[in-house]
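Trainee: I have a structure here, written as structure tokens, and I will follow up with some questions on it.
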Amino acid sequence: MNEILESIFSINTLAAAIRMVTPIALAAMGGAFSERSGIINIGLEGMILTGAFAGVLGSYYTASPWFGVLLALLAGGILGAIFALFTIKFKADHVVAGVGLNILALGATTWLMQVIWGSRGSSPNVNGLEEISIPILRDIPVIDKLLGTQSPLVYLMFILVISGWFLLFKTPLGLRIRMTGEHPEAADTLGINIKGVQYFSVILSGVLSGLGGAYLSLGHLNWFSMNMSAGRGYMALAANIFGQWNPLGGFAASFLFSYTDAVQMRLQGLNLNIANELIQMLPYLLTIIVLAGAVVRSRPPEALGKHYEPGGEG
């Protein structure tokens, strides 16, 4: 029993959770921007997966992981633009379009991996991002083990989460985004470009999710594998709802999921008399429970999922 408690509450588990929270937190923040503007974004999973593939592809052909990161941002943004086109211009059902996007991303990345590398399982190893050490943090006891040395994308994630919260709640642009998702009629009356705000928010969600995917394939590992996102986009969706469409709340919920994931990995190494498959279910089971409870208790943006045509109801 002591061994189990030590695994659950150890510094190593916390450090692993911090590494694993990055793609979920970034996608959750992307979901917050998209859904605050009124667009339900089920497609976060596909955007993460596409970013992970594009990151490895860029690093493979240029030997530069940072070029891979840039390509991941571009790929995520393009997928976000496609999703925005269907949901905003063509008024497709947001959930159906998002599910379709996820299926497209899974099929396309699997096919391209086979065409480019002749494998449906995984890509060759590529140059990944080297971890960096922050002098001030590495000199503080306990903190040094958690944040002293990490992938640069982990530090970037913290900066982006705080910046995203500031943008959404402390700037005129953030007010326009929130007003578009709450009262598009009033926003339209004030001269706010409803579609422009929605396109910006959805494409931004794709860019942030693509960055999360780049972390998976270049910051956490050095290769791409089929279905590498492994449900993280759905965890991000749940974290966004549980976090009340707030980047900071989404980060807190994302950390809960990543911590549970880190715990299940540690428990698998203890040779418990429990099937590993049951232990591996923990983060996904928590996602279902949290999402079910959050949907009941949370108040989403008033116009979330509704189509609005400037000049009148769409």
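Trainee: Taking the stretch 19-126, which chymotrypsin sites (Phe, Trp or Tyr not before Pro) meet the DSSP loop condition and have no more than 11 other C-beta atoms within 10 Å?
Mentor: Those satisfying the criteria are Phe90.
Trainee: Calculate the translational D of the stretch 156-312 in whole µm² s⁻¹ from Stokes-Einstein, where the hydrodynamic radius comes from the Kirkwood formula applied to all Cα pairs, the temperature is 10 °C and the viscosity 1.306 mPa s.
Mentor: The diffusion coefficient I find is 90 µm²/s.
Trainee: Just name one of Ala303, Trp117, Leu216: the one whose Cα is farthest towards the positive end of the charge dipole of the chain (beta-carbon charges, Lys/Arg +1, Asp/Glu -1).
Mentor: Ala303
Trainee: Further question on the same structure: Calculate the tail of P(r) for the chain: the fraction of all Cα-Cα distances greater than 37 Å, expressed in %.
Mentor: Every Cα pair in the chain considered, those over 37 Å come to 16 percent.
Trainee: A further question on this structure: Relative contact order of the chain: what whole-number percent is it, with Cα pairs under 8 angstrom and at least 6 residues apart?
Mentor: Numbers: 610 pairs, mean separation 111.7, N = 314.
36 percent.
Trainee: Which pairs break 23 Å Cα to Cα here: Lys145/Lys170; Lys89/Lys170; Lys170/Lys306; Lys89/Lys306?
Mentor: Lys145/Lys170; Lys89/Lys170; Lys170/Lys306
Trainee: Whole angstrom only: what separates the Cα centroid of the stretch 52-85 from the Cα centroid of the stretch 239-255?
Mentor: Cα centroid to Cα centroid, the span is 25 Å.
Trainee: Could you give log10 I(q)/I(0) at q = 0.16, 0.20, 0.29 Å⁻¹ for the stretch 100-152, computed by the Debye formula over C-alpha point scatterers of equal weight, without solvent?
Mentor: Values, matching the q order: -0.64, -0.71, -1.02.
Trainee: How large is the Kirkwood hydrodynamic radius of the stretch 140-188, counting all unique pairs of alpha carbons, in Å?
Mentor: Values: mean 1/r = 0.0763 Å⁻¹.
For the stretch 140-188, the Kirkwood estimate is 13.1 Å.
Trainee: Next question, about the same structure. Which residues make up the longest stretch of the chain clear of GluC sites (Glu not before Pro) that lie in a DSSP loop with no more than 15 other Cβ atoms within 10 Å, not counting the sites?
Mentor: After excluding every exposed loop site, the longest remaining stretch is 132-301.
Trainee: I need two numbers for the stretch 38-105: Rg to one decimal and Dmax as a whole number, Cα atoms only, in Å.
Mentor: For the stretch 38-105, the Cα radius of gyration and maximum Cα-Cα distance read 13.0, 41 Å.
Trainee: Now for a separate question. When the expected Rg is taken as 2.2 N^0.38 Å, what fraction or multiple of it is the alpha-carbon Rg of the stretch 1-131?
Mentor: On the way: Rg = 17.6 Å, N = 131, 2.2 N^0.38 = 14.0 Å.
Against the empirical 2.2 N^0.38 Å value, I get 1.26 for the stretch 1-131.
Trainee: Kindly provide log₁₀ I(q)/I(0) values, in the same order as q = 0.15, 0.17 Å⁻¹, from the Debye equation applied to equal alpha-carbon scatterers of the stretch 134-239.
Mentor: For the stretch 134-239 at q = 0.15, 0.17 Å⁻¹, log10 I(q)/I(0) is -0.83, -0.95.
Trainee: With label points built 7 Å along Cα→Cβ from the Cα atoms of Ala292 and Asp139, find their separation and express it in nm.
Mentor: Going by the 7 Å Cα→Cβ label model, 5.1 nm.
Trainee: Just want to confirm a number: the relative contact order over the stretch 127-170, from Cα pairs under 8 angstrom separated by 6+ residues, in percent.
Mentor: Taking the mean separation of contacting Cα pairs over the length of the stretch 127-170, I get 33 percent.
Trainee: Please compute P(r) over all alpha-carbon pairs of the stretch 166-219, binned at 5 Å starting from zero, and give each bin as a whole-number percent.
Mentor: Pair shares across the bins are 4, 19, 22, 20, 12, 9, 7, 4, 2, 0.
Just so you know, all these numbers are worked out from the coordinates, no wet-lab data involved. From a predicted model like this one, the values you see are computed outputs, not experimental measurements. Neighbour counts are summed over all protein chains in view; Cβ atoms, including those assigned to glycine, are modelled from backbone coordinates with ideal geometry.
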